[in-house]
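For reference, the structure discussed in these notes is given below.
The values are calculated or read from the model by the stated rules, or taken from the named source; none is laboratory data. It should be emphasised that the depicted structure is a prediction, and the values quoted were computed from it without experimental measurement. Cβ placement follows ideal geometry from the backbone for every residue including glycine, while neighbour counts extend to all protein chains displayed. SASA here: full protein model, heavy atoms, side chains in, ligands and nucleic acids out. Shrake-Rupley method; radii C 1.70, N 1.55, O 1.52, S 1.80 Å.
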Amino acid sequence: MHDESRRQFLKSSVAAACGAALSGTVCRALDTATNSSGELPIKKGILLDMLPANLSYGERLKLAREIGFEVLQAPTQPDEHKAEELKKAADTAEIRIDSVMNMDHWKYPLSSDDPAVVEKSLAGMRTSLHNAKLWGSDVVLLVPAVLNPQTSYRDAWTRSQREIRKLLPLAEELKVVIAIEEVWNRFLLSPLEMASYIDEFQSPWVKAWFDVGNVVLYGYPQDWIRTLGPRIVKVHLKDFKRNKDSYAWVNLGEGDIDWPAVREAFAAIHYTGSATVELPAGDETYLRDVSRRVDRLLFSRS
């Protein structure tokens with residue numbers, strides 16, 4: 001079935017289903033999923049730390065909203081007054097803080113054999129989960145382990161899972177998902193492995209945070225997306241360029257990522273979460289360009 005016929009078939013199916021007394025919510029969801037424009041129903045996000053640091057919270061979030069970003073990812077904020085200030089700024093700017101980037105998992109990894117280090121990591125995650133509740137976020141990003149000469153792969157797996165399970169009662173109480181991200185920590189090096197790691201929790205409060213750029217050195221993001229499927233709850237966007245004798249992080253669309261294939265993979269798994277840009281900070285001109293690049297590469301907008 002060619003593309004036009006497939007779209008027509010899906011639109012007819014939606015009409016028939018809605019005619020069969022499905023709820024309005026379901027019908028709207030079906031209609032979104034079969035949008036004839038081909039746009040993905042994904043919210044465009046930006047890191048708080050990408051916005052100009054010389055501006056106030058209110059000015060930074062107002063700028064993010066004006067240049068087309070719908071959601072924001074904020075780092076862990078242990079200062080309660082600053083956390084409240086950020087919440088008020090987000091409410092005023094009408095931009096949602098939809099996720100929290102936990103900040104203690106690299107310095108204090110859950111995979112450590114030192115109980116004091118692990119407790120600091122757990123404390124940081126508890127702060128992140130409470131930040132998420134305050135800000136109305138539904139996800140906290142977590143790097144689960146860090147491999148080094150003292151930490152074996154097996155130990156990283158078992159130790160990190162054991163400690164994450166200690167956080168699940170709080171995650172459930174606060175209704176916040178712990179999202180495991182694949183990063184350059186020498187851990188979870190294939191989509192099959194990452195899927196298995198997440199599935200072993202047997203919990204709806206542990207999902208995947210997929211970073212499109214982090215796997216380019218040793219894999220293909222479209223393959224990871226299709227393999228992880230509904231486990232993916234949030235996404236990071238960046239790009240990566242491999243040269244003959246070197247490699248580098250580059251701006252969106254200037255690297256080796258096959259963006260049409262990535263877009264097709266997200267459509268195939270019916271992904272409807274957010275996609276947050278993770279790039280260096282910059283001024284308004286730079287950020288507007290980044291926003292346009294996301295539109296062009298992920299949403300097929302000119």
Response to the item:
Taking the stretch 221-254 and keeping only residues that are assigned to a loop (DSSP other than H, G, I, E, B) and either under 16 Å from Ala267 (Cβ atoms) or among the small types (Gly, Ala, Ser) (or both), one is left with Ser246, Gly253
Worksheet item: If you check Gly255 against the conditions, is it small (Gly, Ala, Ser) and in contact with a Phe, Trp or Tyr (Cβ under 7 Å, 6 or more places away or on another chain)?
Response: yes
Worksheet item: Restricting the search to the stretch 56-88, which residues are farther than 28 Å from Arg296 by Cα and open to solvent by 50 Å² or more (accessible area, probe 1.4 Å)?
Response: Ser56, Pro78, Asp79, Glu80, His81, Lys82, Glu84, Glu85, Lys87, Lys88
Item to complete: Output the residues belonging to the stretch 232-272 that are free of Cβ contacts under 8 Å to residues at least 40 places away in the same chain and buried (at least 20 other Cβ atoms within 10 Å of the Cβ).
Response: Asp239, Trp259
Response to the item:
Trp209: passes all of (1) open to solvent by 50 Å² or more (accessible area, probe 1.4 Å); (2) outside any helix (DSSP H, G or I); (3) touching a residue at least 12 places away in the same chain (Cβ under 8 Å); (4) closer than 21 Å to Leu122 by Cα but (1)
Practice prompt. Report the residue count in the stretch 167-187 for those that are in a helix (DSSP H, G or I), surrounded by fewer than 21 Cβ atoms within 10 Å (Cβ to Cβ) and either in contact with a Lys or Arg (Cβ under 8 Å, 6 or more places away or on another chain) or on the phi > 0 side of the Ramachandran plot (or both).
Written response: 2
Discussion item. On the basis of being open to solvent by less than 60 Å² (accessible area, probe 1.4 Å) and either among the charged types (D, E, K, R) or farther than 30 Å from Trp157 by Cα (or both), does Asp98 make the cut?
Written reply: yes
Worksheet item: Since Asn148 meets every condition but one in (1) more than 19 Å from the chain's Cα centre (by Cα); (2) under 30 Å from Arg226 (Cβ atoms); (3) free of Cβ contacts under 8 Å to residues at least 12 places away in the same chain, which condition does it not meet?
Response: (2)
